[in-house]
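Beneath this line is the structure, given in structure tokens, with notes to follow.
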Amino acid sequence: MLFSLQTSLWESISTGIDRLVGASGNDLLAGGGGNDSMHGGGGNDTFTFGEAWGNDSVEQLADGSVTLWFATGSSDNWDATLKTYTDGENSVTVSGVDSDKVTLKFGDDGSEKFDFLMEKGAFADYSSAKIFEEYGKGFLANS
């Protein structure tokens, strides 16, 4: 099974504080380190988080769904009422969709999609730049 990347991107390369914007399809948004603002833009989007991702926000259009995929972690750290996941040092808050449209995944689930994410460096600090430059999707802009 192939996984495609259909998205556009704003990234502040110098600070690690990024604004990533997806398209209407099923996107992969990987903010890396820093405090990122990620916007899914609709579709069934996957947002990935490595070890030290910062304090991020994820916004999704109501007709889409969100998969938050963490390199490590536990669903015990998810607050469905606030739609916030925290590991004590980093956090991500989801808006725009109800909690029932948010799926949490942690580490290797044995799927082809996890292998694809690892191959593309989706859990690394530099992930978005690597993914988007390799596929020629979107654009990078310094702020």
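For the stretch 31-56, a tally of residues being of a type in the set (Ser, Thr, Tyr) and either assigned to a loop (DSSP other than H, G, I, E, B) or open to solvent by less than 30 Å² (accessible area, probe 1.4 Å) (or both) returns 2.
Residue by residue through the stretch 65-85, note down the ones that are at negative phi and part of a loop (DSSP other than H, G, I, E, B).
Within the stretch 65-85, the first condition is being at negative phi, and the residues that meet it are 65-72, 74-82, 84-85.
Across the stretch 65-85, the qualifying residues are Ala71, Thr72, Ser74, Ala80, Thr81, Leu82.
Inside the stretch 86-108, residues that are open to solvent by less than 40 Å² (accessible area, probe 1.4 Å) and either in a loop (DSSP other than H, G, I, E, B) or within 15 Å of Leu29 (Cβ to Cβ) (or both) make up a count of 6. For the stretch 59-99, filtering for residues that are under 25 Å from Asp115 (Cα atoms), polar (S, T, N, Q), free of Cβ contacts under 8 Å to residues at least 40 places away in the same chain and out of contact with any Leu (no Cβ under 6 Å at 6 or more places or on another chain) leaves 7.
Any residue at all in the stretch 109-118 that's among the hydroxyl-bearing types (Ser, Thr, Tyr), open to solvent by less than 70 Å² (accessible area, probe 1.4 Å) and outside any loop (DSSP other than H, G, I, E, B)? Break it down into steps so the answer makes sense when it comes.
Filtering the stretch 109-118 down to residues among the hydroxyl-bearing types (Ser, Thr, Tyr) leaves 111.
Within this subset, residues satisfying the condition of being open to solvent by less than 70 Å² (accessible area, probe 1.4 Å) are 111.
Among the residues that remain, those that are also outside any loop (DSSP other than H, G, I, E, B) are: none.
No, that holds for no residue.
When the stretch 20-43 is filtered for residues that are more than 14 Å from Gln60 (Cβ to Cβ) and either modelled with pLDDT of 80 or more or polar (S, T, N, Q) (or both), the ones remaining, listed by number, are Ala30, Gly33, Gly34, Asn35, Asp36.
The values are calculated or read from the model by the stated rules, or taken from the named source; none is laboratory data. As the structure is a prediction and not an experimental result, all values here were calculated from the model. No Cβ is skipped: glycine too gets one built from the backbone with ideal geometry, and neighbour counts run over all protein chains shown. Ligands, DNA and RNA are excluded from the accessible area calculation, which covers all protein heavy atoms including side chains. Shrake-Rupley method; radii C 1.70, N 1.55, O 1.52, S 1.80 Å.
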